[in-house]
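One structure below.
The values are calculated or read from the model by the stated rules, or taken from the named source; none is laboratory data. All values reported here derive from a predicted model rather than from experimental measurement. Virtual Cβ from ideal backbone geometry, glycine too; neighbours counted across all protein chains shown. SASA here: full protein model, heavy atoms, side chains in, ligands and nucleic acids out. Shrake-Rupley method; radii C 1.70, N 1.55, O 1.52, S 1.80 Å.
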Amino acid sequence: MNARVLTPELLDHLAPDDPRAVRSRLDLARINAVMRQGAIMTKLLAGFPAPRRIVDLGGGDGRFMLGVAKRLAGRWPGVTVMIADRQAILSDETSAEFARLGWRCEVLAGDVFATLPQLEPDIVTANLFLHHLDDGALARLLALVASQAKGFAACEPRRSAFALLGAKLVGVLGANAVTRHDAVASVRAGFHGQQLSALWPTQKNWTLRERGVFPFTHGFTAHAL
Ligand SMILES: C[S@@+](CC[C@H](N)C(=O)[O-])C[C@H]1O[C@@H](n2cnc3c(N)ncnc32)[C@H](O)[C@@H]1O
């Protein structure tokens, strides 16, 4: 497909308690399930050594990482997940579900460029977040990640004709107007080829892997040697 096109996403500009935002986050959970994002992220993380602390960039309400925690808690006990998001919308219920797995989940609200340097992660993750940034901002963010962590895994929208078709059809899942807009915008701002590897600050001392994952995902991992 053509070059990345960035259009502001509506969910980013709605108050957290706006009913359209609340509904759109429910849609997002359903879309994550259809895209198999939780299973794909778990597989991307499988090769990493057990971490003490994971920072999830743009982690929203934490429910995506809760799904990942359910899959990994047996192998990785006692992990702390820090949600780095502009909005502090982790619910008590989600927090309690992390605790039942033996994990902790906390929020550091603010722009990721301000919060990530405070967090000392072992692993950084991003699900449906990196595509919000233009290439210049992405290069700066990936440099920050590489300076802070030993592993990075991202599940982003694949910029492909098939993914665009899927995004145009999210209405059949009952998605609202905010989600229908943002799904298409996300694919147009998504990735293909080796675009994230090209923006990683250095190939030296890191193993990078980037590929499309069926049906709609673009997966990227960086692992310090
Ligand atoms: C599409 S949502 C994905 C949420 C979550 N990862 C998921 O899969 O459910 C993108 C999230 O990124 C957050 N966000 C966007 N730009 C941000 C920034 N510069 N710093 C921190 N959070 C940001 C938004 O608030 C939103 O929660």
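Based on alpha-carbon positions alone, could you give the equivalent ellipsoid semi-axes of the stretch 61-159 from the gyration tensor, as √(5λ), descending, whole Å?
The equivalent ellipsoid of the stretch 61-159 has semi-axes of 23, 14, 14 Å.
For the pair Arg30/Val5, report the inter-label distance in nm, with labels modelled 7 Å from Cα in the Cβ direction.
Label-label distance for Arg30 and Val5, simple model: 2.6 nm.
Per the Kirkwood treatment, what hydrodynamic radius in Å, one decimal, follows for the stretch 1-46 from the mean inverse distance over all distinct Cα pairs?
Taking the inverse mean of 1/r over all distinct Cα pairs, the stretch 1-46 comes out at 12.8 Å.
Below 8 Å between Cα atoms, with a sequence gap of 6+, how large is the relative contact order for the chain in percent?
Relative contact order here is 24 percent.
Give me the extension gain from Ala161 to Phe214: residue separation times 0.36 nm, minus the current Cα-Cα distance, reported in nm with one decimal.
Between Ala161 and Phe214, full extension yields an extra 17.8 nm.
Can you list the equivalent-ellipsoid semi-axes of the stretch 92-212, largest first and in whole Å, using the square root of 5 times each Cα gyration tensor eigenvalue?
Calculated on Cα positions only, the semi-axes equal 26, 23, 13 Å.
At what distance in nm do the modelled label points of Ala39 and Arg140 sit from each other, each positioned 7 Å from its Cα along Cα→Cβ?
3.8 nm
With unit charges on the beta carbon (Lys/Arg positive, Asp/Glu negative), name the residue among Pro121, Phe48, Asn32 whose Cα is farthest towards the positive pole of the charge dipole of the chain.
Phe48
Would you mind telling me the share, in percent, of accessible area of the chain contributed by carbon and sulfur at probe 1.4 angstrom?
Whole-percent figure for carbon plus sulfur exposure: 56.
State the Cα centre-to-centre distance between the stretch 1-19 and the stretch 53-107 in whole Å.
23 Å
So for the pair Lys70, Arg23, with labels modelled 7 Å out along Cα→Cβ, what separation do we get in nm?
In this crude label model, Lys70 to Arg23 measures out at 2.5 nm.
Please compute P(r) over all alpha-carbon pairs of the stretch 162-225, binned at 5 Å starting from zero, and give each bin as a whole-number percent.
4, 16, 22, 17, 13, 11, 9, 5, 3, 0
What's the long-distance tail for the stretch 109-165, i.e. % of Cα pairs beyond 16 Å?
48 percent
Among Asp85, Asp17, Asp56, whose mean-square fluctuation peaks in a Gaussian network model of the chain (Cα, cutoff 10 Å)?
In this elastic network of the chain, the residue with the biggest mean-square fluctuation among Asp85, Asp17, Asp56 is Asp17.
Thr207 label point, 7 Å along Cα→Cβ, cut-off 16 Å on backbone N: hits in the stretch 32-49?
Taking a point 7 Å out along Cα→Cβ of Thr207, the residues of the stretch 32-49 whose backbone N falls under 16 Å are 43-49.
What order do you get for 214-222, 5-13 when each peptide is scored by the mean count of other beta carbon atoms within 10 Å, highest first?
Descending mean neighbour count gives 214-222, 5-13.
Can you give the charge dipole size of the chain about its Cα centre, rounded to the nearest 20 debye, using +1 on the beta carbon of Lys and Arg and -1 on the beta carbon of Asp and Glu?
840 debye
How many Å² of accessible area per residue for the chain, probe 1.4 Å?
Ligands and nucleic acids excluded, the result is 46 Å² per residue.
Suppose R0 equals 41 Å; then what is the FRET efficiency for Ala224 and Arg104 from their Cβ-Cβ distance, rounded to the nearest 0.05?
For R0 = 41 Å, the calculated efficiency reads 0.95.
Across all directions of projection, what mean area in square nanometres is found for the Cα convex hull of the stretch 1-84?
7.2 nm²
Could you estimate the translational diffusion coefficient of the chain from the Stokes-Einstein equation, with Rh from the Kirkwood formula over C-alpha pairs, at 37 °C and 0.692 mPa s, in whole µm²/s?
After rounding, the answer is 188 µm²/s.
Tell me the mean residue ellipticity at 222 nm calculated for the chain from its helices only (DSSP H runs of n ≥ 4, each -39500 (n - 2.57), averaged over every residue, nearest 500).
It comes out at -11500 deg cm²/dmol, rounded to the nearest 500.
Quick one: which of Lys43/Lys168; Lys150/Lys204; Lys43/Lys70 span more than 25 angstrom between C-alpha atoms?
In this structure, Lys43/Lys168 exceed 25 Å between Cα atoms.
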